[in-house]
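Below is one structure; the comments refer to it alone.
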Amino acid sequence: MHKTQENHKKVVLTGVTPSGTPHIGNYIGAIKPALDMAKSSAFDAYFFIADYHSLIKLWDASVRQQYIYEIAATWLALGLDPSKVIFYRQSDISEILELNWILTSIAAKGLLNRAHAYKAHVDENRAQENPDLDAGITMGLYNYPILMAADIIMFNADLVPVGKDQVQHIEIARDIANRFNHIYKTSLLKIPTAMVDESCQTIPGLDGRKMSKSYGNTIPLFAPSKKLRKLIMKIKTNSQAPEEPKSTEGCTIFSLYQQFASQEEIDHLADEYQKGIGWGQAKQILFEKIDEVLTPFREKYEHLLGNTHIIDNALEEGAKKARAIAKPLLSSIKQQIGI
Ligand code: ADP
Ligand code: TRP
């Protein structure tokens, strides 16, 4: 076994699908908490780019490659240390796909019929009165939770930090791992646990709904200053006059400010709201704060994207370490199943 798995530290593992440019919601809701965990000496952290998962929703090769680099550059720019975290690209670890088939062979079809991404498509077809309820659904979409189970099980993950929408997939991974252990009378596969940060706020987007690439209301994390300002100026506000006292509750500008400013600065802006502040001025204050916090990271990000060999090298090193863990586990699994 690789030395990092000998010391009984808990393994924390999470993946990001390269299907869009990272936005402020991804940063606050997923990337920042994961990086904080990786800093703790209580864990061995595995973070990976789930490029095979992106095949399901994205069929443009050059766009995919761009997103892979953008996501890798984001994590590295924000301080991921590849010598401390095992940071890799899913497609570099062919063992995951071997395990994927082994797990597919024991996964109950009924379990996957209930997976919400598949069910949502079927429901949509039904709503559209399409006689073919499986219209537009690929086997990739259908099997996707099994690939996710393989991602997790391949590295003996204990904890999997995910958004609420992904919890069902961790339940599926637990079910499949238990079933394998039961069928082959073993305890070889670790049973993972989902970790959902309930305290983590949902970051609102430009229109006040949850910031999400599906709503087209995002602020890209590393938008250049000019673009960042332009986007912030587009945040939807009410029609209160500048001098009217304003509520901070449910205010998108204020919510975003809270994620980047110090307590003292937050209190100060709350005072200004009470006294009456124009929305234009509040947006300018928000822009200046976010720009100040993100500029040093943006500079690193741009440097990495201009020098993608640095990213390639980091991912290659990570793949070597990841395979050193995956290989012996896959061998044990194959032995267990008589192959
Ligand atoms: P999107 O909704 O833009 O497609 P994803 O579903 O790819 O984003 O989310 C990736 C991660 O970022 C998940 O862990 C998710 O919980 C987190 N995340 C996405 N949007 C937000 C948001 N607005 N607020 C907080 N966390 C978010
Ligand atoms: N499906 C996850 C998402 O869309 C990404 C992902 C793929 C993942 N494999 C994983 C997350 C394994 C955690 C563990 O957000």
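The values are calculated or read from the model by the stated rules, or taken from the named source; none is laboratory data. Predicted model only: the values in this text are computed from it and were never measured. When we count neighbours, we look across all protein chains shown, and the Cβ atoms used for this are built from the backbone with ideal geometry, even at glycine. The protein model used for the area step is the full one, side chains on, heavy atoms only, and it has no ligands, DNA or RNA in it. Shrake-Rupley method; radii C 1.70, N 1.55, O 1.52, S 1.80 Å.
Structure above, values below:
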| read-out | value |
| --- | --- |
| Members of the range 219-270 that are under 15 Å from His23 (Cα atoms), open to solvent by 40 Å² or more (accessible area, probe 1.4 Å) and touching a strand residue (DSSP E or B) at 6+ places or on another chain (Cβ under 9 Å) | Lys227 |
| Condition broken by Pro18, with the remaining ones in (1) in a strand (DSSP E or B); (2) of a type outside the set (Val, Ile, Thr); (3) within 12 Å of ligand 2 (Cβ to nearest atom) satisfied | (1) |
| Phe87 buried (at least 20 other Cβ atoms within 10 Å of the Cβ), among the aromatic types (Phe, Trp, Tyr) and under 12 Å from the mean Cα position of the chain (by Cα) | no |
| Filtered residues of the range 204-218 (kept if surrounded by fewer than 16 Cβ atoms within 10 Å (Cβ to Cβ) and touching a strand residue (DSSP E or B) at 6+ places or on another chain (Cβ under 9 Å)) | Lys210 |
| Residue that is among the aliphatic types (A, V, I, L, M), surrounded by fewer than 17 Cβ atoms within 10 Å (Cβ to Cβ) and within 16 Å of ligand 1 (Cβ to nearest atom), where the choices are Val12, Val63, Val16 | Val63 |
| Which numbered condition Lys39 fails, given (1) more than 16 Å from ligand 1 (Cβ to nearest atom); (2) modelled with pLDDT of 95 or more; (3) out of contact with any strand residue (DSSP E or B) (no Cβ under 6 Å at 6 or more places or on another chain); (4) not polar (S, T, N, Q) | (2) |
| Flag if Thr193 is among the polar types (S, T, N, Q), within 16 Å of ligand 2 (Cβ to nearest atom) and within 30 Å of Ser332 (Cβ to Cβ) | yes |
| Residue in the range 244-291 that is farthest from Ser199 (Cα to Cα), counting only those that are hydroxyl-bearing (Ser, Thr, Tyr) and assigned to a loop (DSSP other than H, G, I, E, B) | Ser247 |
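Residues are listed down the side, and each one gets a yes or a no for (1) open to solvent by 20 Å² or more (accessible area, probe 1.4 Å); (2) small (Gly, Ala, Ser); (3) outside the structural domain of Ser54 (by TED's automatic domain parsing):
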site: Arg126; (1), (2), (3): yes, no, no
site: Thr138; (1), (2), (3): yes, no, no
site: Ala157; (1), (2), (3): no, yes, no
site: Ile170; (1), (2), (3): no, no, no
site: Arg174; (1), (2), (3): yes, no, no
site: Lys185; (1), (2), (3): yes, no, no
site: Leu189; (1), (2), (3): no, no, no
site: Met195; (1), (2), (3): yes, no, no
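For every residue, the table says whether it meets (1) open to solvent by 40 Å² or more (accessible area, probe 1.4 Å); (2) assigned to a loop (DSSP other than H, G, I, E, B); (3) touching a helix residue (DSSP H, G or I) at 6+ places or on another chain (Cβ under 6 Å).
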{"residue": "His53", "(1), (2), (3)": "no, no, no"}
{"residue": "Leu58", "(1), (2), (3)": "no, yes, yes"}
{"residue": "Ala72", "(1), (2), (3)": "no, no, yes"}
{"residue": "Trp75", "(1), (2), (3)": "no, no, no"}
